[in-house]
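Have a look at the structure below, then the notes.
The values are calculated or read from the model by the stated rules, or taken from the named source; none is laboratory data. This one's a predicted model, so the numbers in the text were calculated from it and none came from an experiment. In this analysis, Cβ positions are derived from the backbone assuming ideal geometry, glycine residues included, and neighbour counts consider all displayed protein chains.
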Amino acid sequence: MPLTRYLLFICFILLSSAGFAQRYTVSGIVRSATDSQPLIGATVAVPELKTGASTDTRGFYTLSLPAGSYQLQVTYIGYQPYSQTITVNSSAQTIAIALQPTENKLQEVIVETNSLEQKLNDNRMSVEQLSSREAKLLPALFGEVDLIKTLQLKPGVQSGGEGSSGLYVRGGGPDQNLVLLDDAVIYNPSHLFGFFSVFNPDAIRNVELYKGGFPAQFGGRLSSVLDVRMNRGNNEKIGVNGGIGLISSRLTIDGPIKKDKATFLISGRRTYVDTFTRLINKVNKDKKDYSPIPDYYFYDFNARLDYKPTPYDEISLSGYFGRDFFTFNDAGFSFSFNWGNTMGALNWRHTFNPRLFVNTSLSATGYEYNINNKIDVFSFNLRSDVQDVTLKTDFEWRPAEKHTIKFGAAGIKHGFTVGRLNFDSDDDLQNFSAGNTYQATEFGAYLSDDFQLNAQLSLNYGLRFSGFNSQGKTYTALEPRAAARYSLSTNTSLKASYASMMQYIHLVANSGASLPTDIWFPSTPRVKPQRSQQLALGVSHLFGDGKYLITNELYYKWMHRQIDFRDGANVFVNDSLENEFLFGKGESYGNEIYLEKIKGRTTGWLGYTLSWTYRQFDEINDGRRFPTRYDRRHDISLVLLHKLNKRLHLTGAFVYGTGNAFSLPVARFPLQDVQGKEPGIVPIYSDRNSFRLQASHRLDLGAVWKLKPKRGEADLTFSAYNAYNRRNPYFVYFEQMRDDEDQTIGFRAKQVSLFPVIPSVTYNFKF
Amino acid sequence: MKRILYLLPLVFLLSCDMEKEIEVVLPPHEPQLVVECYLENGYTFEATVLESSSYFDPPTAPAIPSTEVYIMYRDKRVQLNYNPGYNNRTNRYYTHKSSTRMNAKPGETYRIEVIGTKDRVVTGFTTILPKVPISELEWKFNDKDKALLLTTFQDDPDMTNYYRYMTHVGSMKKNARRDFVTDDNLTNGKVTTYGSAYDYEVGDTLILSLFNIEKQYYDFLRSVSDARNANGNPFSQPTKIKSSVQGGIGIFTNLVYDRKTVIIKEDN
């Protein structure tokens, strides 16, 4: 649909709903009374009028009410219900609400912030929400709580492999996720080669993952949006919390700078395995033929300042800095490899009036890796990075009770350094360099309307106009978005959505894993942007007196101009990197069933995904389509949380997944090479990903034991990852069997697993 | 509680056997002709022709005596007879051999034709390259009396070069201590030095070989290396072998190299 006709359509919809009785706006922020954190998804209702609203990500609600006197009721799980009589008269009014936590916070195990009724009636679909509080209850690998790994337990979300924090959403690759931390992009959200995410759970408040039905304000990636929000500092008092775990420790300090005006939060964590490996190296340094263990550690820091200069303005400054270090030193030889993200974001939210807000942010973000190698007189340095500066503004306007209009624009200045190599010798006789830098500009503008047509039907429709300029070439695209909800009854809703997405920057990753050396590359005249379209249909049904919600979603995703690389592509030091790209297409489809219970002593969810994911490239697999590694036919997650008594929570998570698709050689041939001697074996591969690993399944168990410290709160969190010690396959290889005289006598297949049962204990404290 | 904590490392230790043998059923494989033939000036033509096997077949490659091998150059067509043997100079076994010695000049093209059973025909060609001489050899000691070796040569600025560099210690009969292939993408026309780690000691005899190789041989070697690395590396993508021959698998190329022998001494 051409843009002008689309805008006319939106105007028509708006005009057709004009002419309401005189109404007045009641709005405000719902916060926790203990630490002033905004409560997301709290229900603010006026029962007499059978109307209500839920709070947004800033805890903000708005209602449009006729003049009169009403009872305003506010509910939020884990907090005492709040009720207040309000009189609506001739002017808009602001009502701030502070909710008290329930007396015994452990009375219920809360697994999600939003109520099931809200989810049933939410216009959005294909959205998963998670709070740090929830993630901290669940068992974790090495006791390291990881929000992304917890999201992998939701239907439609898969990990790249056991222990990996990669996200593969509805058949999309890990490069197709838009990862935002307080509205700024995080390019590589993982530590330790993908085994841990960069999000420190103490610094994070909540996460929303959009798998489809993307709102128009999001753009730039094909498959998902991971919207991560940092905690705000406590407005009441200085607080300290932290934890001491098996491989890392963390500490967070927050509090008011000026009560009700400004707060701060600083959080950091660091691993300490290197402390032990250094000790081992020191003890063994004089042993002949001892090979030192390389040093490895990571750390990250989060910081946030919130400032409220006027009742109408909120300013926040968020920052993240994280680095991984891998170093190795031996006589005359040194190798260091470090990588990480840096992010700073300044957000300003201004309320013009209760019906019109604007959020403007200026952010800078970057990811880089550096490899330094020195052998005597020779030194070698390889680095790549991506640096962004983003300015964006988002307006939210509620012109009438049934409409919420969102519009805004964003501009991003990208800078890429791709494979910058420097090689030098001390005598300067040997030196050469390679690598390229690229500059690009990305922009987007959008308009959307959330329209409550009547009690049964609501629509969300929007259009995003995006563009990208690099090397004199400009790409533009229209990305229509639409979603609808129809309530069949008070307990059953039908939902549908369509989203078209563009991706203008691409991850150069020629391996099956997310590695720190994966680099970002812009669209150029030769490398065209990727595009996807996704259609999803869903039904949600609330039953068991509102205790259970079952949701079924069916999706189909088309992916155009997908990127892969030639066999043997050199992606490290290559000034003609574009020549290594291959372009193809992909498709993904499946069905997700999700049953959840969020109230009571026993809570949790059961998810089942049936899915197919394929790619097709002319130059790969002789042009035939092939399944991706993470094509997973069946995927089951069962998560249960049970409050045994006031001090003890028990949790368990069982996962089952069809084995990853992978490639094996089907044949071999002998090669003597110029060296001669015994011929070596060269494997011959046939169709890509035509084999399957055995199915993976495991049970993780956890327990949180509340201690009774003299001051503050403390607990011990126990985890048993892979409790029944299942040998889940990580990869399979073929091995040459040899006799005593080193002669080859045959071949066999070996399966390698990564993690046995891994018990861990973490001590957490807060005061 | 303490007792439980004591048990945890024990459970961990008991469960650390993370590899096991499994059964994999492979699809049927139609054997292909595999040709390996390196031409060297001044030496007779030798070729090895075997067949590929399904991965779990017995290790010994089946001989195929009925195969005919021809080398063609200028206006000649030389047949290599089936006469399996071992060449002590090259350390290689061969299946076919002729008594004709090669006398080629840079720029000349040689062709191969292998006619096998079941109408299988393998063809390929190679263009003779000039030798790239090693201009300087130098070693340096560290404080542990270990030496690194520097091998210097001049790259030809007028053509794209591909190199294979090998270091043998003591004898060519042993496996090379260093062996890599590279191109002159970053060093075109420059005086180039290949360095080593501090691997050598006083008295070591080092045999350095600098091969000037064809692109098709470079591609073949890289694809062989990638394919081998993909078996056992969960992060690698599988790679198809880039053969320099058509109709089968393998390599047909010419070997042109400069080779120098040095004995590491205290004074360079």
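Among the residues that make up the range A:733-741, is at least one of them within 27 Å of the chain's Cα centre (by Cα) and within 10 Å of chain B (Cβ to nearest Cβ)? Spell out the reasoning first.
Filtering the range A:733-741 for residues within 27 Å of the chain's Cα centre (by Cα) gives none.
Taking every residue of the range A:733-741 in turn, none turns out to be within 27 Å of the chain's Cα centre (by Cα) and within 10 Å of chain B (Cβ to nearest Cβ).
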> If a residue has to be closer than 28 Å to A:Asn373 by Cβ and either in contact (Cβ under 8 Å) with a residue 12 or more places away in the chain or outside the structural domain of A:Ile371 (by TED's automatic domain parsing) (or both) to count, how many in the range A:302-332 make the cut?
Replying inline: 11
> Counting just the residues of the range A:222-270 that are crowded, with 22+ Cβ neighbours inside 10 Å and among the hydroxyl-bearing types (Ser, Thr, Tyr), which one comes out farthest from A:Leu167 (Cα to Cα)?
Replying inline: A:Thr263
>> Please determine whether any residue of the range A:696-708 is surrounded by 14 or more Cβ atoms within 10 Å (Cβ to Cβ), in contact with a helix residue (DSSP H, G or I) (Cβ under 7 Å, 6 or more places away or on another chain), closer than 30 Å to A:Gln616 by Cα and at pLDDT 90 or above.
In response: no
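May I ask you to list the residues in the range B:169-189 that are at the interface with chain A (Cβ under 7 Å from one of its Cβ atoms) and more than 21 Å from the chain's Cα centre (by Cα)?
B:Leu186, B:Thr187 - these are the residues of the range B:169-189 that are at the interface with chain A (Cβ under 7 Å from one of its Cβ atoms) and more than 21 Å from the chain's Cα centre (by Cα).
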>> Please return the ranges of strands (runs of 3 or more DSSP E) entirely within the range B:12-63 where 1 or more residues are assigned by TED's automatic domain parsing to the domain that holds B:Arg92, farther than 30 Å from B:Lys131 by Cα and touching a Phe, Trp or Tyr at 6+ places or on another chain (Cβ under 8 Å).
In response: B:44-51
>> Just the residues that are within 16 Å of A:Arg23 (Cα to Cα), surrounded by fewer than 19 Cβ atoms within 10 Å (Cβ to Cβ) and polar (S, T, N, Q), please, taken from the range A:44-96.
In response: A:Thr51, A:Ser69, A:Thr87, A:Asn89, A:Ser90, A:Ser91, A:Gln93, A:Thr94
>> Out of everything in the range B:38-69 that is more than 21 Å from A:Ala667 (Cβ to Cβ) and of a type in the set (D, E, K, R), what residue ends up being surrounded by the most Cβ atoms within 10 Å (Cβ to Cβ)?
In response: B:Glu46
> Among all residue pairs at least 6 apart or on different chains, which show Cβ distances below 7 Å where the first residue, located in the range B:103-127, is more than 19 Å from B:Tyr217 (Cα to Cα) and the second is among the polar types (S, T, N, Q) and buried (at least 21 other Cβ atoms within 10 Å of the Cβ)?
Replying inline: B:Ile115/B:Thr67; B:Gly116/B:Thr67
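Under 18 Å from the mean Cα position of the chain (by Cα), more than 12 Å from every other protein chain (Cβ to nearest Cβ) and at pLDDT 95 or above: is that true of B:Asn212 in this structure? Spell out how you get there, then give the answer.
Values: under 18 Å from the mean Cα position of the chain (by Cα): yes; more than 12 Å from every other protein chain (Cβ to nearest Cβ): yes; at pLDDT 95 or above: yes.
In short, yes.
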> Identify, please: which residue in the range B:114-166 is more than 11 Å from chain A (Cβ to nearest Cβ), of a type in the set (Gly, Ala, Ser) and surrounded by 18 or more Cβ atoms within 10 Å (Cβ to Cβ) and is, among those, farthest from the chain's Cα centre (by Cα)?
Replying inline: B:Gly116
> Can you find even one residue in the range B:98-106 that is surrounded by 14 or more Cβ atoms within 10 Å (Cβ to Cβ), away from chain A (no Cβ under 14 Å) and in contact with a Leu (Cβ under 6 Å, 6 or more places away or on another chain)?
Replying inline: yes
> Do any residues in the range A:345-362 that are in a strand (DSSP E or B) have Cβ atoms under 6 Å from those of residues that are among the basic types (Lys, Arg), where the two are at least six apart or on different chains, and which pairs are they?
Replying inline: A:Asn359/A:Arg349; A:Ser361/A:Lys392
>> Quick check on A:Leu577: is it of a type outside the set (Ser, Thr, Tyr) and more than 30 Å from B:Tyr218 (Cβ to Cβ)?
In response: no
> So which residues in the range A:653-712 are part of a strand (DSSP E or B), facing chain B (nearest Cβ under 10 Å) and of a type in the set (D, E, K, R), if there are any at all?
Replying inline: A:Arg668
